[in-house]
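Taking it in order: structure first as structure tokens, then the write-up.
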Amino acid sequence: NEELTLRVAATVTDVLQNGVLRIEGSQEVRVNFEIRELLVSGFVRPEDISSQNIVVSERIANAEIKYLGAGDVADTAKQGWLQRSLSTLSPY
């Protein structure tokens, strides 16, 4: 069980004709010999950007938020080839 609060810097990658902004950002964090990467992308209305230039994740339309990990813990959480094969034959 894990809880993580991050602020991710994002850049505007496109401006749509209606003024909506397409944003993308990423941040890499090292936690206990694990590398964690947070990727964020989506669409933001200019009025949802605060005076401090912050947008909360609830205001990102079509938000795609990925939290990826690499290291010993992430490797342990992955299924081995035998388990993947058995899951394919009997997914329940």
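What follows is calculated from the coordinates using simple rules that are stated; it is not laboratory data. In this text, all values refer to a predicted model and were calculated from it rather than measured experimentally. Virtual Cβ from ideal backbone geometry, glycine too; neighbours counted across all protein chains shown.
Below 13 angstrom from the Cβ of Val8, what's the summed charge of the other residues (Lys, Arg +1; Asp, Glu -1)? Residues close to Val8 contribute a combined charge of -1. Relative to the Cα centre, the charge distribution of region 1-58, modelled as +1 at Lys and Arg Cβ and -1 at Asp and Glu Cβ, gives a dipole magnitude of about 160 debye.
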